[in-house]
Amino acid sequence: MAYKVLARKYRSWTFDELVGQEAVATTLKNAIQTQRLHHGYLFCGTRGVGKTSAARILARSLNCLSFDQPTVEPCRTCESCVAIAEGQDVDVIEIDAASNTGVDNIRELRSNTLYRPARARFKIYIIDEVHMLSTGAFNALLKTLEEPPGHVKFIMATTEAKKVPATIQSRCLRFDFRSIPAEKIAAHFEHILQQEQIEVDPQVIRRVARLANGSMRDGLSLLDQLLSLGADKLTMDMLDDVLPVSYDATLTQLVEQLAEHDAGGALVTLDACLASGYSLERFAEALAEQVRTLMLLNVCGPTTNLVELPPAVAERMIELSKRFDQEAYVFMISVLEELRRNIRFSALGRALTEAALVRLASGTSYRSVQSLLAQLESGGTVGVAAPAGQAASGPRPMASAAPAAAPVAPVAPPAPAVPRPTPAPPATPRSPAPPVARPEPAPSRPAKPPASSGKQALPGKPATPARSVPKPPTPEDLRAATSEPLVREAMDLFQATLVNVERQEQPKQKE
Ligand SMILES: Nc1ncnc2c1ncn2[C@@H]1O[C@H](COP(=O)(O)OP(=O)(O)O)[C@@H](O)[C@H]1O
Ligand SMILES: [Mg+2]
Ligand SMILES: [Zn+2]
């Protein structure tokens, strides 16, 4: 018998079998049970989360021939149920809008809606990727949606709800399908592999479930690839064989280049990533995920359960994770998140991405307030970067040698605004030692935003500059000062940008 891919073999038959879409399933079941049926449904969500499956389940519920009214438990065996499951039913017409975008296609559909269903209760149109329709086609569809014949139902699915005109949306019931949590994907895999009588290393399941990234279909096709190796036990080694080589490696290489301040190399690697099929947005996401993995390794240690490392790359990742410190990770993730949001709305996505990489790579003098305090406490002078655009005390190595230093570039291209990092862990004052420059609670003089564009300042958030005070503070002083909300904010701000403590002493303020 020909091999049937898992995604088709294990398509959900009932609402209860839809994994991770409980809210959608419950609402639809209630509507059917109470006979409150709408004529138009819009299913939104990323690929592989069950939209088409749900559309077919709904169609079967409406049209199952074994019952004389719509049911939430369609029979699975009548002609309609069987044909709908295969997408071949005469009364349930599946249209792929991606390849039928034109107005003529929809006009034809409209004239067909006049005919009654051949054998079931309703004539149901399932329009997949409905956002691909042309404007003319949408207009034609709108007319039908306004006053459809009583025997017609529309179920539309889209991965890009934003592109579906509001006029269409307002005539449908909208359902948002969620990305499926990795644990639920894993549980589903276990169930499937049990039925396939395949033994599996639990680590493989967890890892594939994570790689699926919320999409059951993506996860199942990875699983298909593993099964195609023909073994009766799935192991982590096999997984390494099946994954595209470039999967982590290119991104790992890129982060290594960032650690080396190799901006040029990073840009070439970006080019390779894009050439291999990454979209800009996906790239920013994937890089952020990579940085997150490294951060977890750094913060929680190499043996943490939070990270699933393929054995082949574990050592390289663990080494790499030590090359940045915690502030650097917080900073990098916030830069990448900002980037991801900005490229979505910009025509200059690639330039923004490149600027962000240059910025991350040129990590000269980003220092955390904690490290500055520590250095002051130990009697050293603080050579901090000048505000954006001005190089300070020359490039500093990244955290590799001095764990307190973190990379952040003072470079200020027309890049995404300097993000406000997620609040850093509270600063724990180090051992008491005079003299110390400490933040002052009163925001008497707002710090000038140190970076290029106005966007970089945090509006309405005055930063309290660190100033030296004549009397050395006690540890209690320090603790009290750092627990002040204003001081905390100022410290967060310093971590995001660059501060020249020495310069703050000269009351020079340009506005
Ligand atoms: N929520 C889910 N629960 C169980 N299986 C799912 C789910 N979503 C997707 N699948 C699996 O992935 C395959 C493709 O899903 P599909 O419904 O076509 O996704 P979509 O239309 O959202 O892209 C299905 O045949 C099924 O095997
Ligand atoms: Mg689909
Ligand atoms: Zn049936």
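Descriptive notes on the structure:
- Looking at the stretch 6-176, the pairs of alpha carbons with a distance over 26 Å make up 22% of the total.
- The phi torsions of the stretch 166-178, fed into the Karplus equation with coefficients 6.51, -1.76 and 1.60 and a -60° offset, translate into couplings of 4, 4, 6, 4, 6, 9, 10, 8, 9, 10, 9, 8, 9 Hz, rounded to whole numbers, with Gly and Pro shown as x.
- Distances between placed amide hydrogens fall under 5 Å for TYR41 paired with PHE154, ILE155, MET156, LEU173, all partners being 5 or more residues away or on another chain.
- In the stretch 1-57, trypsin sites (Lys or Arg not before Pro) in a DSSP loop with at most 10 other beta-carbon atoms within 10 Å: LYS4, ARG36
- In the stretch 69-173, GluC sites (Glu not before Pro) in a DSSP loop with at most 16 other beta-carbon atoms within 10 Å: GLU86, GLU160
- Net +/- balance of residues flanking GLU17 in space, Cβ distance below 14 Å, scoring K and R +1, D and E -1: +4
- Distance between the modelled labels on ARG36 and ILE192, one decimal in nanometres: 3.5 nm (7 Å Cα→Cβ projection).
- Residues listed by number, the stretch 135-176, amide nitrogen under 14 Å from ARG110 label point at 7 Å toward C-beta: 135-149
- Other residues lying with their Cβ under 14 Å from the Cβ of LEU62 contribute a combined charge of +4, Lys and Arg counting +1, Asp and Glu -1.
Since every read-out is calculated from the coordinates, none of them should be taken as a lab result. Bear in mind the structure is a predicted one, so any value in this text is a computation, not a measurement. Methodologically, a virtual Cβ is constructed for each residue, glycine included, from the backbone with ideal geometry; neighbour enumeration extends over all protein chains shown.
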